[in-house]
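The values are calculated or read from the model by the stated rules, or taken from the named source; none is laboratory data. If you're wondering where the values come from, they're calculated on a predicted model, not measured in any experiment. For neighbour counting, all protein chains shown are included, and Cβ atoms are generated from backbone atoms with ideal geometry for every residue, glycine included. Accessible surface areas use protein heavy atoms only, side chains included; no ligands, DNA or RNA. Shrake-Rupley method; radii C 1.70, N 1.55, O 1.52, S 1.80 Å.
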Amino acid sequence: MEYRVTARDGSTNLVAMSGRLDALGAEAIELGFTAAVAGVDRHALVDLREVEFCSSFGLRLLICVARALQRRGRRMVLFAAQPEVAEVFETVALDQMIPVAATEEEALARLGA
């Protein structure tokens, strides 16, 4: 599992993730991802187009980071999930906790930026 954080604008980071967000993948990136995304005072748009799989471990990581951002008055929006990953999100109603969008433009609109 890998991720790359780039500044999108003055208040928002774009986070591109790739690989399998399973137990091994989530464990491999948890500390760095949490620090890079939740440890800054910026919103996060998370691009999931290259994430092949998401397990409960991946869901936990995303939820924990989204909650940490929320405590700082910031938001996370997930977008471009592959059909298999989107199905997992739908099954667990992840959009009730973290906004989920189909495209980056829709994600930006959901962010309210």
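Rounded to the nearest 5, the antiparallel percentage of DSSP beta bridges internal to the chain is 30%. Of the trypsin sites (Lys or Arg not before Pro) in the stretch 25-113, the ones in a loop by DSSP (not H, G, I, E or B) with at most 14 other beta carbons within 10 Å are Arg72. With K and R counted +1 and D and E -1, the other residues having a Cβ less than 12 Å from that of Gly32 yield a net charge of -2. With all protein chains kept in place, the per residue accessible area of the chain amounts to 53 square angstrom at a probe of 1.4 angstrom. Charge tally around Met1: other residues with Cβ under 12 Å, Lys/Arg +1 each, Asp/Glu -1 each, net -4.
Computed across the chain, the Kirkwood hydrodynamic radius from all distinct Cα-Cα pairs reaches 13.6 Å. Split the accessible area of the chain by element, probe 1.4 Å, and carbon with sulfur accounts for 51%. I want the local charge near Leu94. Using Cβ-Cβ distances under 15 Å, sum +1 for each Lys or Arg and -1 for each Asp or Glu among the other residues. Net charge in that neighbourhood comes out at 0. Which helices, taking whole DSSP H runs in the chain, have alpha carbons extending 15 angstrom or more along the helix axis plus mean Kyte-Doolittle at least 0.0? Helices meeting the criterion: 23-38, 56-71.
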